[in-house]
Amino acid sequence: MGDSNKIVVDEDQFIEDEFQALLNDYLNSNHRRKVDIITRAFNMAKEAHKGTRRRSGEAYILHPLSVARIVSKEIGLGSTSISAALLHDVVEDTDYTVEDIRALFGDKIASIVDGLTKISSGMFGENVSAQAENFRKLLLTMSDDIRVILIKIADRLHNMRTLSSMSPTKQFKITGETLYIYAPLAHRLGLFAIKTELEELCFKYEHPETYADLTERIEVTAPTRNKIYENFSVPVIEALDKMGIEYEMHARVKSVYSIWNKMQKKGIEFNEVYDLFAVRIVFELTPGIDEKKRCWDIYSAITDIYKLRPDRIRDWVSHPKANGYQALHLTVMGPDGKWIEIQIRSRRMDDIAEKGFAAHWKYKEGKIEEDNELEKWLKTIQEILSNPNPNAIDFLDTVKMNLFSSEIFVFTPKGEIKTLPQGATALDFAYSIHTRIGDHCLGAKINHTLVPLSQKLSSGDQIEILTSQSVHPQPEWLNFVSTAKARTKIEASIRRQRRRVAEKGKNMLDELFGNEAIDNTTFNKILYVYNAENKEDLYFLIGNNDIILPQDKQVFIKVKDEPAKSENLFVRYMKQAMSAIKKPGTDPKSNKVGNELTEQVENKGKVKIDRKSIYKLEEHNFIKNFIILSCCNPLPGDDVFGFITDNEEVEVHKRSCQNGLRIKSNHGDRIIDVAWGDYRQYSFLASIVFTGIDRVGILGSILSKLAEDLIVNIQSVNVSSNDGIFEGVFNVHVHSAEEVNQLCAKIAKVNGVSTVHRSNL
């Protein structure tokens, strides 16, 4: 009994210590001292969650306390946000209501807690439509008060920090949501440190072995990196000291995730990543000296010492990113013959880079232009929300495409800067100026050269839009626009045009039949005869002159070919009716005809998969109990997860698969943990890409090397050469990822081969 009391006392003391640490964080900030309201919020949350524990076994109150500390120390918010963070689970998990919060803490805190409660069940529900709706709620709430999403990100960060207590299946779902939504959202809000940690934690849980391996490799290279930095920094320190600048300079190693991501995208090995670290110079603000001028003064001092790489200058000082990020980036050739990236920032810029929009409040003095960027972003959110697209996955993808994509900066003919997502076209630009300009866009001039509407834009382009009143939005325009605003306006215009044409067609049909009403049987026959799905479709076809009305209404009904006598008319009408409900097609995932009745027959008697247990990926008599997709082409031995299809079949994706990331975010309830069995019968197709210096007989040398002690089943070989450099691709049948690694190791030993790596087919 004594031990149990001691544990309780120790836990209570730990909770009080954590709360005191929170208060210390807050008191060390520049926010107004409102300790009383934070204390009241803590006491209420502590009482509300009394006796409740997290899955890890710790007292639940430690979770809101940790979230509040992140909100205060790592994001830099004040008493209102800290109090809301302490109370963020109270309404959802206890008997307290929003009205109780309002009565005790006022409208603002109650409003934030209410916004958090609306989305606290997880951004994603059990089905797709719920996912979209919850995400809409999140964005709507964000547009009301940005602090809601900042606290939600803090909540997700703490959940990621304590993810080890969850099952692997839950881990995959949560990491998928985090990488798909939360990490990009943190990036967009300028929370660089949090974004980086979220990515790191996701990588650690999804690829534990690779994470451990890369971490070790980074540590091994530390002495070399330190030596390079020391040699680089000595003359720079001397130059900056002479200028009388108060600053700090240090080398920052890139995150493990960003290094791995670069290796994946470029198909290179760890030792080929040349920019493992960057040098950051942060200077203190000096009264009377312009920040921008100081950045360029430091730039000049460095480029007087080292040779600049001109194509790697990034001036985010003059043109801040949409998340408020400001810095001057340059790359120089260091004394060791290594390219070194340098980031130059003021202390203010550094705070904003780490803490995002919240840091702006710290530096508010009168009118701050950076706040306009936040307003622009929230306006973009409203544009997306105005799109009535009911498809949840399309909605999420549209959001991701517009809010989280890389940006480009382009100019109007008068020199005004416009920010657009990467991949935006001339037509997107037209709609960004004004809807009417977009609707009547005929073409464009980019840098004084005539281009089509579909022309993709690049940073620095100057665009002039050409218009004509005779031009109107066309359905094919939707194929090459990327912004939510353009897509929404085009769809709305096409709907309006279609309604006008349909109204014209209805009047023409009414005129043909006079005052005579058309009974349902006759109308259904007309729909069938003219291959129209419904009345609106028929009216449109008539109004658009796709159907030419005769003078005689009887002729109109009978003019088309009558149904073939060999086929029952009822059957044909039923086919038409069924097609309106669900048109048959081919399912790209399973290559099966998408007919509901067929699926029911095929699935009859199938064993339901246990979603809580590890699913063993096996083969029997060359038949697999899973499906391999070409999007990532996983092999036995790869880090993978399973996805249960509508047919109760298991699709296997790499944990790094981009399509898989989308699946984890949108269908978290269908994700299962899987394990590879032993494969010696069934073979898998893999692709190996290699490059090097061309010489006579190099292909023969590679094939000879492969044949030394491995029986290799090569499906195809493709080798091309250009100016002494060759690139080759082997498509081979293997039984595991380990076999591919062995093949790559053998090819790498051939004289003249520079790089070799596995690639998706």
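Observations on the model:
- VAL8 being loosely packed, with under 13 Cβ neighbours inside 10 Å, at pLDDT below 90, outside any loop (DSSP other than H, G, I, E, B) and of a type in the set (A, V, I, L, M, F, W, C): yes
- Filtering the range 662-678 to residues that are in contact with a helix residue (DSSP H, G or I) (Cβ under 9 Å, 6 or more places away or on another chain) and either at pLDDT 80 or above or buried (at least 20 other Cβ atoms within 10 Å of the Cβ) (or both) leaves ILE663, LYS664, SER665, ASN666, HIS667, GLY668, ARG670, ILE671, ILE672, ASP673.
- Residues of the range 59-78 satisfying the condition of being in contact (Cβ under 8 Å) with a residue 40 or more places away in the chain, part of a loop (DSSP other than H, G, I, E, B) and over 28 Å from the mean Cα position of the chain (by Cα): ILE61, GLY78
- Test set (1) in a helix (DSSP H, G or I); (2) under 30 Å from TYR299 (Cα atoms) - LYS204 fails condition number: (2)
- Residue, surrounded by the most Cβ atoms within 10 Å (Cβ to Cβ), within the range 211-227, restricted to residues that are hydroxyl-bearing (Ser, Thr, Tyr) and modelled with pLDDT of 90 or more: TYR211
- Going through (1) touching a residue at least 24 places away in the same chain (Cβ under 8 Å); (2) among the small types (Gly, Ala, Ser); (3) farther than 16 Å from LYS321 by Cα one by one, SER458 falls short only on (3).
A quick yes/no check of all residues on (1) modelled with pLDDT of 90 or more; (2) aromatic (Phe, Trp, Tyr); (3) closer than 19 Å to TRP260 by Cβ; (4) crowded, with 22+ Cβ neighbours inside 10 Å:
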position: LYS137; (1), (2), (3), (4): no, no, no, no
position: MET142; (1), (2), (3), (4): no, no, no, no
position: THR175; (1), (2), (3), (4): no, no, yes, yes
position: PRO184; (1), (2), (3), (4): no, no, yes, no
position: GLU197; (1), (2), (3), (4): yes, no, yes, no
position: LYS204; (1), (2), (3), (4): yes, no, yes, no
position: TYR229; (1), (2), (3), (4): yes, yes, no, no
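- Residue within the range 733-749 that is assigned to a strand (DSSP E or B), outside the structural domain of LYS608 (by TED's automatic domain parsing), buried (at least 17 other Cβ atoms within 10 Å of the Cβ) and modelled with pLDDT under 85 present: yes
- Tally, over the range 176-216, of residues that are closer than 20 Å to LEU276 by Cα, in contact with an Asp or Glu (Cβ under 8 Å, 6 or more places away or on another chain) and small (Gly, Ala, Ser): 1
- Verdict on LYS266 being farther than 30 Å from ILE146 by Cα and either at pLDDT 90 or above or surrounded by 13 or more Cβ atoms within 10 Å (Cβ to Cβ) (or both): no
- The requirement of being in contact (Cβ under 8 Å) with a residue 12 or more places away in the chain, in contact with a Pro (Cβ under 9 Å, 6 or more places away or on another chain), among the small types (Gly, Ala, Ser) and not in a helix (DSSP H, G or I) is not satisfied by SER493.
- Residue match in the range 207-219 (condition: more than 20 Å from ALA327 (Cβ to Cβ), in contact with a strand residue (DSSP E or B) (Cβ under 7 Å, 6 or more places away or on another chain) and part of a helix (DSSP H, G or I)): yes
- Qualifying positions in the range 456-473 - among the polar types (S, T, N, Q) and under 14 Å from TYR431 (Cα atoms): THR467
- Some residue of the range 103-110 being over 23 Å from LEU157 (Cβ atoms), surrounded by 21 or more Cβ atoms within 10 Å (Cβ to Cβ) and without any contact (Cβ under 8 Å) to a residue 40 or more places away in the chain: yes
- Subset of the range 501-525 that is among the β-branched types (Val, Ile, Thr) and part of a helix (DSSP H, G or I) - its residue that is surrounded by the fewest Cβ atoms within 10 Å (Cβ to Cβ): THR521
- Just one of the listed residues (ALA132, ALA59) is surrounded by 17 or more Cβ atoms within 10 Å (Cβ to Cβ), at pLDDT below 90, more than 18 Å from LEU150 (Cβ to Cβ) and in contact with a strand residue (DSSP E or B) (Cβ under 9 Å, 6 or more places away or on another chain), and it is ALA59.
- Residues of the range 21-54 that are touching a residue at least 24 places away in the same chain (Cβ under 8 Å) and exposed (fewer than 11 other Cβ atoms within 10 Å of the Cβ): ASN30, ARG32.
- Residue ID - farthest from PRO235 (Cα to Cα), chosen from residues in the range 313-348 that are in contact (Cβ under 8 Å) with a residue 60 or more places away in the chain and of a type in the set (D, E, K, R): LYS321
- Within the range 286-311, no residue that is within 18 Å of GLU248 (Cα to Cα) and outside the structural domain of TYR325 (by TED's automatic domain parsing) sits with its Cβ atom under 6 Å from a residue that is in a helix (DSSP H, G or I) and of a type in the set (S, T, N, Q) at 6+ positions apart or across chains.
- Meets criteria (outside the structural domain of ILE408 (by TED's automatic domain parsing) and surrounded by 16 or more Cβ atoms within 10 Å (Cβ to Cβ)) for ALA484: no
- Just one of the listed residues (LEU378, LEU328) is closer than 30 Å to THR483 by Cβ and at pLDDT below 80, and it is LEU378.
- The single condition from (1) in contact (Cβ under 8 Å) with a residue 60 or more places away in the chain; (2) surrounded by fewer than 17 Cβ atoms within 10 Å (Cβ to Cβ); (3) in the same structural domain as HIS63 (by TED's automatic domain parsing) that LYS170 fails is (1).
- Any hit, the range 465-475, residues being at pLDDT 80 or above, in contact with a strand residue (DSSP E or B) (Cβ under 9 Å, 6 or more places away or on another chain) and either loosely packed, with under 14 Cβ neighbours inside 10 Å or not assigned by TED's automatic domain parsing to the domain that holds LEU427 (or both): yes
- Annotation note: of ALA278, ALA322, ALA353, the sole residue that is under 26 Å from the mean Cα position of the chain (by Cα), surrounded by fewer than 19 Cβ atoms within 10 Å (Cβ to Cβ), of a type in the set (A, V, I, L, M) and at pLDDT 80 or above is ALA278.
- SER233 meets each of the listed conditions (1) small (Gly, Ala, Ser); (2) assigned to a helix (DSSP H, G or I); (3) under 30 Å from the mean Cα position of the chain (by Cα) apart from (3).
The values are calculated or read from the model by the stated rules, or taken from the named source; none is laboratory data. Because the structure is a prediction, the values reported are computed rather than measured. FYI the Cβ positions are ideal-geometry reconstructions off the backbone, even for glycines, and counts take in every protein chain you see.
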